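Undergrad: Sharing a structure here in structure tokens format.
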Amino acid sequence: MDTQIETEIALAIGFRAKLTYELKIANGCTRAAMPKRIFAFTVGLLALVAGIIGLAYATEGISDFTNPAVSLRVSVLGEFLLCSMAFVAFGIGVRFLKFARYGRTDQSRSWARPVLLGIGFFFPGFLFSLPLTILWARHAWPGDGQSDFAAMEISVYAGIAAALICWLLLWKKSRTRRIP
């Protein structure tokens, strides 16, 4: 009977030592968190590269303001969208790199999170509405090659609406959490 108790105690001590070891790997980082940090580092670097590429295209688009063939509304809208997506990519990249560096997220209730995620929601709103608007435009104007441009413009507005709705919902959610 005593040997069975001693065996259970030894197993319990060994299990506790193993658990303590697993919790303190890599300066307090658990084994489960390391793949998350590696993934966050990779996504953060990709987001920073995407931001740089977006900013490069945005600076090329400045020449559209002097082009008489491009309307001012399209130029302003294009520059706003490219710059906002580039800055969102930078913001998301920085957040992922911070998580990769420190291993924890900053749960601040700032205005930046709803704004960045709202602007970042433009692209999915645009992409998911584009096939539907192209089908609608080809049905409304059969045989017209310019109908795709109308569909893209409608999808841009749908993306802007999706971004505004996402921003408003996240902003409202962050404000309700502050109430004690």
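Undergrad: Taking the Cβ-Cβ separation of F128 and A150 as r and a Förster radius of 22 Å, what is the calculated FRET efficiency to the nearest 0.05?
TA: 0.80
Undergrad: Further question on the same structure: Can you give the net charge of the other residues whose Cβ lies under 14 Å from the Cβ of A151, counting K and R as +1 and D and E as -1?
TA: Details: positive: R138; negative: D144, D148, E153.
Here the charged neighbours net out to -2.
Undergrad: With a 10 Å radius around each residue's Cβ, average the other Cβ atoms per peptide and rank 162-172, 90-100, highest first.
TA: Result, highest mean first: 90-100, 162-172.
Undergrad: If Lys and Arg each add +1 and Asp and Glu each add -1, what is the summed charge of the other residues whose beta carbon sits under 13 Å from the beta carbon of Y57?
TA: Every neighbour counted, the sum reads -3.
Undergrad: I need the calculated FRET efficiency for the pair W141 and N67, taking r as the beta carbon distance and R₀ as 25 Å, to the nearest 0.05.
TA: 0.45
Undergrad: Something else now. Roughly speaking, what is the stretch gain from L164 to V49, that is 0.36 nm per residue apart minus the C-alpha to C-alpha distance, in nm to one decimal? Intermediate results must be reported in sequence, preceding the final value.
TA: Values: separation 115, 0.36 × 115 = 41.40 nm, distance 2.54 nm.
Roughly 38.9 nm would be gained on extension.
Undergrad: Determine the gain in length on full extension of the stretch S174-Y102; use 0.36 nm per residue of separation and subtract their C-alpha separation, reporting nm with one decimal. Mind dumping the intermediate values first?
TA: Numbers: separation 72, 0.36 × 72 = 25.92 nm, distance 2.38 nm.
Taking 0.36 nm per residue and subtracting the Cα distance, the gain is 23.5 nm.
Undergrad: Subtracting the Cα-Cα distance from 0.36 nm times the residue separation, let me have the gained length for E60 to Y157 in nm, one decimal.
TA: 32.7 nm
All of the numbers you see were taken from the coordinates with simple rules; none came from a lab. Predicted model only: the values in this text are computed from it and were never measured. Cβ atoms come from the backbone with ideal geometry, glycine included; neighbour counts cover every protein chain shown.
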